[in-house]
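One structure below.
The values are calculated or read from the model by the stated rules, or taken from the named source; none is laboratory data. All of these numbers come straight from a predicted model, not from anything done at the bench. Here Cβ is always computed from backbone atoms with ideal geometry, including for glycine, and neighbour counts include all displayed protein chains.
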Amino acid sequence: MIETASKAAPLADGLETPRRHWATLTLLLAITITVFDASMANVALPAIAHALSINPADVVWVVIAYNLIVVVSLLPLSAVAERIGFRRMFAIGMTLFMLASLASAASESLLGLLLSRMAQGLGSAMLMCLFGGLVRNIYPLNKLGMGISLNAMTVGLMAVLGPTIGAFILQLASWHWIFLVNIPICIGTYFGIRFLPDVPRSRGRFDWVACVLSVPVFGLSIVGLDAVVKDPARAALCLLVAALAGWVLVRRSRDQVAPIVPIDLLRITPIAYAVGASAFSFAAQMSAFVAMPFYFKQVMGYSYGDVGILLGAWSVGVAVMAPLAGHLSTRHSIAVLCGLGAACMALGMLWLILLPIDAAFVWSMAGMLLGGVGFGFFQTPNNRALLAGAPRHRSGAAGGMQATTRVFGQSFGTALVGVAFTLSAAHGATLGVVAGISCALVAMGINIVRHFFSPAADLDL
């Protein structure tokens with residue numbers, strides 16, 4: 001049974017001030033450390049490989065292991081959060097993340113670092129699965145777009161600052177400080193936990209079988225896609241097992257009241273469209289971020305400094321557009337806004353690969369800025385449709401599904417670029433960008449269908 005407002009005090013529409021402001025600050029600090037950790041760890045990979053004498057081909061598992069743990073654990077953890085409470089899950093996740101950061105800084109071998117990063121991934125997933133549900137319960141519905149845009153702006157700014165701060169740390173100190181810098185921020189969040197919203201808990205039985213089944217569904221899908229060209233037999237086996245596990249999981253979950261994989265929410269048409277569009281949008285964004293550095297270096301001949309500026313231009317576009325998109329999402333068709341955003345992403349990436357090699361640097365920056373503007377314009381309205389369309393007592397599941405869709409889409413986009421490079425070493429970067437354009441066009445197509453063929457899903461929420 002779900003403990004609903006009928007059994008307790010009615011749920012308020014968001015928190016009152018000043019509690020809302022303190023809860024918002026606590027949430028933004030948690031978002032900051034998860035974004036910082038991922039971006040700074042990527043920058044530190046060469047330094048870690050050199051210091052610990054690790055082969056560069058092996059050190060990438062420091063990132064892969066982290067991401068795999070996140071993607072396979074988000075939905076089960078969101079179900080756990082609905083049962084133990086958001087604030088308790090937040091405190092556990094923050095504590096695990098902080099301890100794992102200390103362990104990562106103290107690691108002296110690849111195995112030790114991988115185990116620590118996996119623990120960090122689990123702690124990060126405990127926090128990430130809460131973000132959507134916390135936003136839904138911190139802000140009143142008429143300010144939900146603003147709350148989502150504030151989160152998106154924070155992610156955009158931290159994505160720009162993270163690599164820069166990471167490089168600055170590596171310039172002054174050892175790679176260990178990349179992980180130690182998390183500690184003060186983690187400690188700061190403890191003071192704000194008591195301001196986070198009280199969300200009704202689910203009293204339903206936790207489905208451990210579904211929890212186990214969800215791991216191969218997401219994990220083997222990514223591993224299989226990555227191996228499609230390199231090892232077709234292994235890829236086919238992974239994808240087959242993932243499909244079978246998914247089939248069993250859906251059949252097991254479809255009649256449950258609050259299933260771990262929220263099939264009940266996917267029956268809500270606006271949420272189903274938002275999930276599909278979000279997956280391809282994040283795949284497009286990650287394809288661009290993985291392939292573009294290679295494209296700018298190999299094809300355009302830019303320096304690493306130039307590449308950093310160009311990637312920053314995308315993030316600046318996201319940060320600048322997010323507040324405007326949040327404002328517009330309460331007044332205009334969500335499908336139209338999201339369709340325009342996806343179209344801008346595709347146009348920005350197409351612009352870049354059509355530029356002549358001797359084009360002025362400012363034109364490349366304009367293309368990246370357009371792609372970032374499109375991504376920021378897309379995400380806020382789409383996330384609003386996903387979060388506002390779910391019942392309040394299922395906000396935890398909606399937040400977990402939002403985070404899972406994001407991470408799975410990013411992993412899918414990364415795998416597509418890997419396939420592109422396997423198909424052609426010489427033209428892999430260009431093919432990777434084309435994969436990103438294709439994903440953006442699919443996201444645009446989903447919104448066209450949402451607007452013209454399912455008008456009920458396009459209502460202003």
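Values for this structure:
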{"quantity": "Residue in the stretch 305-317 that is in contact with a Pro (Cβ under 9 Å, 6 or more places away or on another chain), in contact (Cβ under 8 Å) with a residue 12 or more places away in the chain and either farther than 24 Å from Leu161 by Cβ or among the aromatic types (Phe, Trp, Tyr) (or both) present", "calculated": "no"}
{"quantity": "The listed residue being among the aliphatic types (A, V, I, L, M) and either out of contact with any Ser or Thr (no Cβ under 8 Å at 6 or more places or on another chain) or farther than 28 Å from Phe408 by Cβ (or both), out of Met153, Met128", "calculated": "Met153"}
{"quantity": "Single match in Ala100, Ala125, Ala152, Ala105 (criterion: among the aliphatic types (A, V, I, L, M), over 18 Å from Phe195 (Cα atoms) and without any contact (Cβ under 8 Å) to a residue 24 or more places away in the chain)", "calculated": "Ala100"}
{"quantity": "Check on Phe36, among the aromatic types (Phe, Trp, Tyr), buried (at least 23 other Cβ atoms within 10 Å of the Cβ) and at pLDDT below 90", "calculated": "no"}
{"quantity": "So Gly374, is it buried (at least 24 other Cβ atoms within 10 Å of the Cβ), in a helix (DSSP H, G or I), modelled with pLDDT of 90 or more and over 13 Å from the mean Cα position of the chain (by Cα)", "calculated": "yes"}
{"quantity": "Residue in the stretch 257-264 that is over 19 Å from the mean Cα position of the chain (by Cα), assigned to a helix (DSSP H, G or I), under 24 Å from Asn67 (Cα atoms) and not polar (S, T, N, Q) present", "calculated": "yes"}
{"quantity": "Enumeration of residues in the stretch 227-236 that are at pLDDT 80 or above and surrounded by 19 or more Cβ atoms within 10 Å (Cβ to Cβ)", "calculated": "Ala235"}
{"quantity": "Residue within the stretch 216-227 that is touching a residue at least 60 places away in the same chain (Cβ under 8 Å), closer than 30 Å to Gly305 by Cα and out of contact with any Phe, Trp or Tyr (no Cβ under 8 Å at 6 or more places or on another chain) present", "calculated": "yes"}
{"quantity": "Scope the stretch 302-335; condition under 19 Å from Val433 (Cβ atoms) and in a loop (DSSP other than H, G, I, E, B); matching residues", "calculated": "Tyr302"}
{"quantity": "Condition check for Ala403: among the aliphatic types (A, V, I, L, M) and under 16 Å from the mean Cα position of the chain (by Cα)", "calculated": "yes"}
{"quantity": "Residue satisfying condition, being within 22 Å of Gln410 (Cα to Cα) and either touching a Pro at 6+ places or on another chain (Cβ under 9 Å) or not assigned by TED's automatic domain parsing to the domain that holds Ala346 (or both), within set Ala277, Ala272, Ala236, Ala288", "calculated": "Ala236"}
{"quantity": "Identity of the residue in the stretch 422-460, at pLDDT below 80 and buried (at least 19 other Cβ atoms within 10 Å of the Cβ), that ends up farthest from His327 (Cα to Cα)", "calculated": "Ala457"}
{"quantity": "Test: Ala81 is in a helix (DSSP H, G or I) and either in contact with a Ser or Thr (Cβ under 9 Å, 6 or more places away or on another chain) or in the same structural domain as Leu220 (by TED's automatic domain parsing) (or both)", "calculated": "no"}
{"quantity": "Criterion (crowded, with 18+ Cβ neighbours inside 10 Å, modelled with pLDDT of 85 or more and not assigned by TED's automatic domain parsing to the domain that holds Leu141) met by exactly one of Gly341, Gly312", "calculated": "Gly341"}
{"quantity": "Among the residues listed as Ser287, Ser278, Ser329, the single one being crowded, with 23+ Cβ neighbours inside 10 Å, more than 18 Å from Ala385 (Cα to Cα) and among the hydroxyl-bearing types (Ser, Thr, Tyr)", "calculated": "Ser287"}
